[in-house]
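Below is one structure, written out as structure tokens, with a few remarks after it.
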Amino acid sequence: MKGFGLLVWVRLLELLLSVRQSYAADQCSWRGSGLSQLQGSVEQVFLRCAEGSVEWLYPSGALRLSLSPRPLWAGLGPGVSSNTPASVCVKAEPHWGGAQLYLEQDGVLELLIGDALGHTHTRCFSVTSGERPALFLQATPHQDISRRIAAFRYELRGERSEQPNDNSVHTEPVSSEGACRPCNDTEMLMAVCTSDFVVRGNIRAVDTDADLQAAVIKVSATRVYRQKFALFSSNGRLTHSGAIRTPLSCGVRTGSGSFLFTGHIHFGEAWLGCAPRYKDFLRVYEQAKQELQIPCTLDTH
């Protein structure tokens, strides 16, 4: 019996060693090395934010990444409740290599990103309330892993009507949030309060990002009200310059006049939300201000 008990403890110890658990220091991002993993082991990683990154140096073995933000829909913006479907999107870094990334769902693995990355499309899949999605990062055999780095970013986004609401994995080259549809007055006012950037400016040019199937709007901003990151930089004059992306299907063209550009940041890039002509926004804003119905203030002087 003693020998049997010892055997059980040895087996438990082996299981504990083969499945390691780690939490990111900030619980949003994780960075580690396959050199520290036991051969054939699967390390459990828990990520508890709505966005973050994973960087796996010298991939070896496998990682199981549990995405379980507290709460799951925190940080997805006003109006997105726990009953609202959401999308999880992943995007590999340009230097990706040495591993394959899978979606783990109901015991089935579905490939999201292969070892040889030939594009930078964003891959997304839908989740609903109560689900805790997991990603499985599997190292691929290579004789030389010294230059292999499997790095990607992830985001949880509020589901929009333009996105699939089933559990299928789909390629999302662009953000579909508010795409192509003009904003009504209420949405226009709320965009000023909730957007990652709010700038007033003119369209200098519109280029095409063929890889993302997006129009790149080159903006000369005469005023930057708010920006989450340094998206619009000064050119040493009174104006700032920056780029905002929107789906090619929206058919954005160059045009005269001043616009109020608002939107959100996805994977470090600005994506267009509401963009009314400034004179139209000012009319709506002043009327709401007189009626004491503005959700937040903006210095329009």
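The values are calculated or read from the model by the stated rules, or taken from the named source; none is laboratory data. All of these numbers come straight from a predicted model, not from anything done at the bench. Neighbour counts are summed over all protein chains in view; Cβ atoms, including those assigned to glycine, are modelled from backbone coordinates with ideal geometry.
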Please state which of the following conditions D207 fails to meet, knowing it meets all the rest: (1) surrounded by fewer than 18 Cβ atoms within 10 Å (Cβ to Cβ); (2) at pLDDT below 90; (3) closer than 28 Å to A151 by Cβ.
(2)
Spot the failing condition for G130; the list is (1) modelled with pLDDT of 85 or more; (2) on the phi > 0 side of the Ramachandran plot, and only one is missed.
(1)
What number of residues within segment 147-203 satisfy the criterion of being of a type in the set (D, E, K, R), at pLDDT below 90 and not in a loop (DSSP other than H, G, I, E, B)?
3
Check segment 286-299 and report whether any residue there is surrounded by 16 or more Cβ atoms within 10 Å (Cβ to Cβ), under 21 Å from H240 (Cα atoms) and not assigned by TED's automatic domain parsing to the domain that holds V224.
yes
How many residues are modelled with pLDDT under 90 and touching a Lys or Arg at 6+ places or on another chain (Cβ under 8 Å) when one looks only at segment 223-241?
1
Would you check if there is a residue in segment 242-258 being under 19 Å from S195 (Cβ atoms), without any contact (Cβ under 8 Å) to a residue 12 or more places away in the chain and out of contact with any Pro (no Cβ under 7 Å at 6 or more places or on another chain)?
no
Filter result for V90 (modelled with pLDDT under 90 and outside the structural domain of D211 (by TED's automatic domain parsing))
no
